[in-house]
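S.K.: Before I ask anything, let me first share the structure, which is written out below as structure tokens.
The values are calculated or read from the model by the stated rules, or taken from the named source; none is laboratory data. Note that this is a predicted model, so its numbers are computed, not measured. All Cβ positions, glycine included, derive from the backbone under ideal geometry; neighbour counts span all protein chains shown. We work out accessible area using only protein heavy atoms, side chains counted, and drop any ligands, DNA or RNA first. Shrake-Rupley method; radii C 1.70, N 1.55, O 1.52, S 1.80 Å.
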Amino acid sequence: MTAAIGAIPLDQAQPGMVLGEDVTSGGNMLLPRGTAISAAQLESLRRREVSEIVVLLGGERSAAEIQEARETARKRVAQLFRRAGTEATMQDLLRTVLDYRLDKPG
Amino acid sequence: MSAITLSTVVADLDRLPALPEVVQDLLDYLQRPDVEVGQVAQRIARDPALAARLLRVANSSFYGLQTQVATIPDALVVLGLRAARTLVTGAALVAHFQTLAAGEEQHAFWLHSAGCALCARVLARQAGVDTESAFTAALLHDIGRLILTARFPLESRRVAACRAAHDCHPIDAEHEVLGFDHAQIGAALAALWKFPAEIAAAIAGHHSPEDQARDSLASLVHVADVMAHALEFPGGEDDLVPPLSTVAWNRLGISWDEFRRLLGEVDAQREDAERALS
């Protein structure tokens, strides 16, 4: 079955949505079809003044998949910060990195 | 206690393969206050391998150029001489050190260095510091560790075993096993090979930025190092985010919201870092 695709304005795009068509700008391919776009990639498209993108409709990941990805990110950050201690600046860093990772797909 | 001391390692630096004459000549010339594009291009052109590498890196998105360049003078003009100076220094030294030690573990080393360089560039832009010096300083910040691995593999393996046994920060394992660390080795090399002073200070002080001048690149490279580990450059089960110095963080004057945005910016360039090493 082929999933339906549709164009949406960039400011309505959410991290985790899957591209239904390549995103190009001035003849250059920016992101290929099938990419699950991250918050950082969205930001990059905004900077390049891309106004709309084509995404798979109903192609977003299920709530369970998103939950699982968040759990993986949480464990990974805990592993990287296993020697972080309790010092305030390091705790601020840990929180910022965790927020960033939880927001990012995959 | 270790059989080798810091003086053993420093004495051995003289036995490192010398920088190619062309590169040394270029580095000397680039330190002059009155550098000319034509002169620089001529010096680079004397080493075809260096010239080819420079064009390749200048054209890779790793260095963030907007325009494709075909010739060395073009590259110098497009980059600007100041940026070209650090690019030349970085590319020449990285090329040289890659011949010193190869292999799988070195891939992790260079991936971390390249990731750290990307972090340093976005942090420098945000903090209003020269981005190219920050980039090159970060690219070379752990060079002392590479020298230890290449020249003293036995001691280097003992450090790695100690780190694994205690699951501690690598620099703590160096202190435990050797009684000195890679920042000290890097500082000695920077002095011997007359690296630009700001880059030497960053190599020497990236684990102790509090001891360096307020406007030293050491604080920026320290934060970039921490940021690179947080973004999993190199990643893997052993990877550990080093302790972030409050003094260094406050010196940059970047907010946590801005930092979070910069994390995304570097993350989006991850493939550039991997490509730049091939």
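S.K.: Over all directions, what mean area does the Cα convex hull of segment A:63-103 project, stated in square nanometres?
M.R.: Taking the Cα atoms of segment A:63-103, their convex hull projects to 2.7 nm² on average.
S.K.: Count charges around B:Leu262 for me, please; just the other residues with Cβ under 13 Å from its Cβ, Lys/Arg as +1, Asp/Glu as -1. The partial results should precede the final answer.
M.R.: Values: positive: B:Arg121, B:Arg125, B:Arg260, B:Arg261; negative: A:Glu43, B:Asp257, B:Glu258, B:Glu265, B:Asp267.
Counting the neighbours of B:Leu262, the net charge comes to -1.
S.K.: Okay, next question. Between B:His107, B:His175, B:His229, where does the largest GNM mean-square fluctuation fall for chain B, given springs only between Cα atoms within less than 10 Å?
M.R.: The residue with the greatest mean-square fluctuation here is B:His175.
S.K.: Also, quick follow-up: Keeping all protein chains in the complex and leaving out DNA, RNA and ligands, what accessible area do you get for A:Leu98 with a 1.4 Å probe, in Å² to the nearest 10?
M.R.: In the full protein context, A:Leu98 sits at about 40 Å².
S.K.: Another one. Sort B:Glu36, A:Glu71 by heavy-atom solvent-accessible area, probe 1.4 angstrom, most to least.
M.R.: B:Glu36, A:Glu71
S.K.: How far is the Cα center of segment B:117-165 from the Cα center of segment B:202-268, in Å?
M.R.: Centre-to-centre distance over Cα atoms comes out at 12 Å.
S.K.: I would also like to ask the following. Take B:Phe259, B:Phe152 and sort them by solvent-accessible surface of the protein heavy atoms, 1.4 Å probe, largest at the top.
M.R.: B:Phe152, B:Phe259
S.K.: So, one more: Please state the shape class of segment B:125-222: rounded when a/c is under 1.5, otherwise prolate if a/b exceeds b/c and oblate if not, all from the C-alpha gyration tensor.
M.R.: Verdict is prolate for segment B:125-222.
S.K.: What's the Kirkwood radius of segment A:13-82 in Å, using all Cα pairs?
M.R.: When all Cα pairs of segment A:13-82 are included, the Kirkwood radius is 13.5 Å.
S.K.: Counting other Cβ atoms within 10 Å, keep those with at most 16, restrict to DSSP loop, and tell me which GluC sites (Glu not before Pro) in segment B:130-203 are left.
M.R.: Nothing satisfies the criteria.
S.K.: Moving on. Using a Gaussian network model of chain A whose springs link C-alpha atoms within less than 10 Å, name the residue from A:Asp11, A:Asp22, A:Asp92 with the highest mean-square fluctuation.
M.R.: Highest fluctuation of the listed residues: A:Asp92.
S.K.: Moving on. With the dipole of segment A:5-56 worked out from charges on the C-beta (+1 for Lys and Arg, -1 for Asp and Glu) around the Cα centre, which of A:Val54, A:Leu19, A:Thr35 lies farthest toward the positive end?
M.R.: My answer, from the dipole projection, is A:Thr35.
S.K.: Taking each pair of different alpha-carbon atoms in chain B once, compute 1/r for the pair, average those values, and report the inverse of that mean as the Kirkwood hydrodynamic radius in Å to one decimal. Numbers along the way, then the final one.
M.R.: Working: mean 1/r = 0.0525 Å⁻¹.
In chain B this quantity evaluates to 19.1 Å.
S.K.: Could you give me the ³J(HN,Hα) list for segment A:79-91, computed from phi with Karplus coefficients 6.51, -1.76, 1.60 and θ = phi - 60°, whole Hz, x at Gly and Pro?
M.R.: Computed from phi, the couplings for segment A:79-91 are 5, 5, 9, 5, 10, 6, x, 10, 4, 4, 4, 5, 5 Hz.
S.K.: Work out which trypsin sites (Lys or Arg not before Pro) in chain A are exposed loop sites (DSSP not H, G, I, E or B, at most 16 other Cβ within 10 Å) and give the longest gap free of them.
M.R.: Free of exposed loop sites, the longest segment is A:1-32.
S.K.: Please report the projected area of the protein assembly as shown's Cα convex hull averaged over all directions, in nm².
M.R.: Value for the protein assembly as shown: 20.7 nm².
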